[in-house]
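Visitor: Take a look at this one; I'll ask things after.
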Amino acid sequence: MIRIPRPVVPAAVCLTALALLTACTAGAATTSGGGYAAGGAAGMQMPGMQQGQVVLPMPQGITADPNNPAKSQLRGAKTFDLGLLLVDGTGYTIYRYDRDTPNPSRSNCTGACATKWVPVKAGNLPPIDVDQSLIGQITRDDGIQQLTLAGWPLYHFTGDTEPADTSGQGLDQAWYPIAPDGKKITLTQDEWRQNAFGL
Amino acid sequence: MRSVSDLAGFDFEPPSALERSRPLVRILFVVALVLALLAPGSASLAQTNAISDTDAILLTKVRQAGLWEMPSGMMAMEKGSPIVQKVGFAIMMDHGRLDVATRALSQKLNSPVPDQPSEEQRGWLAEQMAASPGPEFDRVFANRLRAAHGSVFAVLAQLRAGTRNDDVRAFATVGNQAVMRHMTMLESTGMVDYTALPAPAVSTTAAPTGIQLGLDTSQIAVVGALFLLVGGGLFYVLRQIKSNRGRARASRPATARTGGSHG
C-alpha cells in the first residue's frame, strides 16, 4: 500500500497559496507601474503663435531696460509665502548687502560686483506702501545716485527673471531681499512651508 | 545525542534524531514562509520619484496660469480701479514666484512646460485689452481670473492628495496656498459673480464598498491566498503538535512498563 505522508497535503496547500500570491502581487505591481511609463508627454500641445494677435506685456528684469523709470520706484509687497518684500515698480525684488554699512550709508559693491548687483538709481516715481522717512540716497564712488532704505544701499539682481523672484537670496552669504522696514529676509519657501503647515 | 524535541519533553523512543526534529523544522518553515510573504506588503510604502502624466499636467497648468495672469496683473495695474490695481500687482508677484518654482521643477523632473498661454487664455487676455478702464475692466478681470483659479485649484487639490512624487507634492502644497489666496483677493473686489462659476463636480451617490476601499480583484485574491496560507499553516502546526502528542502517548506506556512512570 502506498501511503501518502501526512505533511504532504498541507504543504501542497501552502505552496499553491504561495504560487497564487506571488502571481497576484506581481500582476498588481505591473498594473500600477504602467501608469508611469509615458510621463511628461501629455498636455504639451502648443497654441498656434500666429492665431493670437495678443502681444503679451511681461514684466522685465533690470537687464532688459535699466532706464525704465519704474525700476527706480520702491514698493512694499506681500507675497503668499515670504510675507512683506521690497520690490521695484515692476515687481522685481530689491536686495541689501551685508558688507555695506547703513550708518553711515556706504556701498562696498563696486566694479564687477555692481554689474551683477545693479544699484537702484534715484528716480521720480513716488514709493508705494513704504515709509517715506526710511528712504534716502547716497552718491556712489562712480557718481551714481543710489537709493537707500533704513540706511542700506539698495540693489537689483541681474539673475532674477520674474517678479518677486528671489534667486539672489543668500548668495555669498551676504545678499538678501530686503523687507519694507529695512530688515533682511532670510526666510525661504521651505521654512515658510514648515511654519505654515508644521507643528 | 540530544535534540530540541528531547528538551521539549518528548521522551518517546524515536527512530532517529533527524526524524525527531523534522516537525519543528516544518513549523519554522511555514512561519518563515508567511513572514516572507507579508514582507513585500511594506514595500508598497516606498516612495517613487517617477513623474506621471497627471504630475506633468499640473506643471503645465501652473506654468500657463502664470503666463496669462502676469500680463493680466500688469494690465490691472494700469486699467483697474484702485483695489483691482492692488490685486493685480499681488497676483503678478505670486505668479512670478510660482513660475520660478515651476520652471525649476520642470527642469529637475525633465518634464517640459509650454512657453505660451493656451488659446483660451489668449482670448481672455484679448477680452481684458478690449475692456475700457474702470468697472468694465474690473468685471472681466475678476471673473475670468476667478473662474480660471477655480479650475486650477481643483487640479492642485487632486495632485496634492494623490501624487506619488515628493517634489510634486511639495509644489502642490505651495501652489494650493497661492491659488487660495488669489481666489480670496479676487473675491474681495466684490466683482465676482458666483452663479456664473461651474457647479462643484462632487459625487453625491454612495460608492460600492469595494470601490470605496479601493479593492480590485487581484487584491481580493491576494487576501484570499494569504488567508488560505495562514489558515493552512496554522492547521498544519496544530496537526503536527497533536500527532506528536499522540505518538508520545503511544510510546509512553512502553517506557512505563520497563521503568515506571510518575504520570
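All of the numbers you see were taken from the coordinates with simple rules; none came from a lab. What you are looking at is a predicted structure, and each value in this text was computed from that prediction instead of being measured. Here Cβ is always computed from backbone atoms with ideal geometry, including for glycine, and neighbour counts include all displayed protein chains.
Visitor: The stretch B:53-195: D in µm²/s via Stokes-Einstein (Kirkwood Rh, Cα pairs, 25 °C, 0.890 mPa s)?
Guide: D = 162 µm²/s.
Visitor: Ranking request for peptides B:176-186, A:160-170, B:56-66: highest mean number of other beta-carbon atoms within 10 Å first, then the rest in descending order.
Guide: Ranked from most to least packed, the peptides come out as B:56-66, A:160-170, B:176-186.
Visitor: Okay, moving on. So what is the orientation-averaged projected area of the stretch A:81-195, using the convex hull of its C-alpha atoms, in nm²?
Guide: Its average projected convex-hull area is 7.2 nm².
Visitor: How big is D, in µm² s⁻¹, for the stretch A:107-166 by Stokes-Einstein at 20 °C and 1.002 mPa s if Rh is the Kirkwood radius over C-alpha pairs?
Guide: So the translational diffusion coefficient is about 172 µm²/s.
Visitor: Under 5 Å between amide hydrogens, which residues at least 5 positions from residue A:96 or on another chain qualify, with H placed 1.01 Å from N in the peptide plane?
Guide: Counting only residues 5 or more places away or on other chains, the set is A:176, A:178.
Visitor: Here is a further query. Cross-link list A:121/B:79; B:61/B:86; A:183/B:86; A:71/B:108; A:78/B:61; A:183/B:108: which exceed 29 angstrom alpha carbon to alpha carbon?
Guide: A:71/B:108; A:183/B:108
Visitor: What is the average number of partner chain Cβ atoms found within 10 Å of a Cβ in B:180-187?
Guide: 1
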